[in-house]
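So the structure is just underneath, and the comments pick up after that.
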Amino acid sequence: MKFFLNKKYNTLTDLVKACQRLDPRAQTVFYERYKSELIGICLRYAKTKAEAEDIYQESFIKVFKHIDEVINPETIDSWIKSVVIRTAINYYHRTTKLETRHVSADAYAIDVEAERHDLIIERISVNELREIIGQLPDGYRIIINLHLIDGYSHVEIAKMLSISDSTSRSQFLRGRNLLIKKLQQAGISRYETL
């Protein structure tokens with residue numbers, strides 16, 4: 001496997017155990033192993049590439065600080081993804097949320113057939129969808145990513161963002177409707193066959 005450039009780390013378990021021993025070479029291999037995938041996750045939550053890179057850096061500081069708590073190295077992938085998402089949420093609370101207080105929901109009042117949203121989203125490439133989601137106001141973008149992309153329930157989202165689950169649901173519905181409107185403005189509608 002190309003991720004294990006050094007013969008010392010033949011498996012993921014070997015690599016994790018080396019990181020737990022604070023082996024700097026293993027930490028570099030480990031950091032690079034996840035970089036492209038996790039930067040993609042960071043980009044979904046950040047406004048800019050620089051913010052995404054900050055989130056990734058901050059995430060790996062936490063990962064290396066707590067990697068000794070990992071008992072089963074084979075489950076590390078989901079653990080790291082969770083650390084990255086929670087770090088992105090914390091970053092949002094510290095920085096972005098302070099910059100943009102509440103956006104008026106009336107500014108995004110939209111009338112879209114709710115049951116038809118899945119038809120539009122199925123006909124778009126992942127990159128196009130990420131780009132359009134990135135244009136959403138922060139609160140909508142965060143909840144759309146957490147619920148639609150990462151699969152968190154509204155109860156879990158509510159805990160992460162310190163809001164009620166009904167607020168999460170309403171923000172999701174408004175964000176989804178705005179997303180559909182933006183998709184339609186981009187020429188992607190439920191009537192097209194791509």
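The values are calculated or read from the model by the stated rules, or taken from the named source; none is laboratory data. The structure displayed is predicted, hence computed values, not measured ones. Using ideal geometry, Cβ is built from the backbone for each residue, glycine included, and neighbour counts are taken over all protein chains shown.
Could you tell me whether Leu179 is of a type in the set (A, V, I, L, M, F, W, C), part of a helix (DSSP H, G or I), modelled with pLDDT under 90 and farther than 30 Å from Tyr31 by Cβ?
So Leu179 passes the test.
Please work out if Ile157 is crowded, with 19+ Cβ neighbours inside 10 Å and outside the structural domain of Thr87 (by TED's automatic domain parsing).
So Ile157 passes the test.
Specify which of the listed residues (Arg130, Arg169) is of a type in the set (Lys, Arg), at pLDDT 90 or above and assigned to a helix (DSSP H, G or I).
Matching residue, one of Arg130, Arg169: Arg169.
For segment 1-84, which helices (runs of 4 or more DSSP H) that fit wholly inside it have 3 or more residues that are in contact (Cβ under 8 Å) with a residue 40 or more places away in the chain?
12-20, 24-45
Kindly indicate whether any position in segment 47-59 is of a type in the set (A, V, I, L, M, F, W, C) and loosely packed, with under 12 Cβ neighbours inside 10 Å.
Yes: one or more hits.
Only residues in segment 145-158 that are at positive phi count as the first member; pair them with residues that are surrounded by fewer than 20 Cβ atoms within 10 Å (Cβ to Cβ), Cβ under 7 angstrom, at least 6 apart or cross-chain, and list the lot.
Hits for this filter: zero, empty list.
Among the listed residues Ala107, Ala158, which satisfies the condition of being in a helix (DSSP H, G or I) and at pLDDT below 80?
Exactly one of Ala107, Ala158 is in a helix (DSSP H, G or I) and at pLDDT below 80, namely Ala107.
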